[in-house]
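Here the structure comes first, spelled out in structure tokens, and everything after it is commentary.
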Amino acid sequence: MKGVSSNIPKTLIPSSRLTCADNSGAKILMIINKVGKGGRKGGKLASSGIGDIVMTSVKSGNPQYAKTKALAVIIRQKSPIRRANGMRVRFEDNAAILIKEGHLPIGTEVKGAMAREVIERYIKLAGIASRVV
């Protein structure tokens, strides 16, 4: 996995609710845990941010996905991120898209904008992005 050039604050913790921004059929996702988090000392929660892969529970949506677990990539977060050129970017919601094991998206298009840091890390997701900010 490629590193990103921005300073991304990790503000999303387990039990955070996300909007599903693709057309897979899921509507609301809840973070269960971060994938590949390693060990945590002292009972700390594994926080995640833009570009991280998380295990989620689908809380509402199409009956095919409702009440199931799924992998997702976080594409937007409310907390501002700082880019290398000094610009700060913030979005109006926390959103993710569902993926399969090979980092391939389940949906065919993304509703709304996607952060550029996600495209830098996962090239295969660039094909379904409607807008990259």
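Where a number appears in this text, it was derived from the coordinates with a stated rule and is not lab data. The shown structure was predicted, so the numbers you read here are calculated from the model rather than taken from an experiment. Reconstructed Cβ throughout: ideal geometry from the backbone, glycine too, with neighbour counts over all protein chains shown.
Dividing the summed helix terms, -39500 (n - 2.57) for each DSSP H run of n ≥ 4, by the number of residues in the chain produces a 222 nm estimate of -1000 deg cm²/dmol to the nearest 500. Using a cut-off of 18 Å between Cα atoms, the listed pairs LYS59/LYS124; LYS27/LYS67; LYS27/LYS124; LYS37/LYS111; LYS67/LYS111 include LYS59/LYS124; LYS27/LYS124; LYS37/LYS111; LYS67/LYS111 as exceeding that distance. Just tell me which aspartates and glutamates come within less than 20 Å, Cα to Cα, of LYS44; anything on the same chain fewer than 8 places away is out. Within the straight-line limit of under 20 Å, LYS44 reaches these aspartates and glutamates: ASP52.
Each principal axis of the chain carries a Cα extent, and these read 44, 41, 27 Å when sorted largest first.
Restricting the stretch 64-109 to GluC sites (Glu not before Pro) that sit in a DSSP loop and have at most 12 other Cβ atoms within 10 Å of their own Cβ leaves GLU92, GLU101.
Remark: spin-label model distance VAL133-GLN64 equals 2.9 nm, labels positioned 7 Å along the Cα→Cβ axis.
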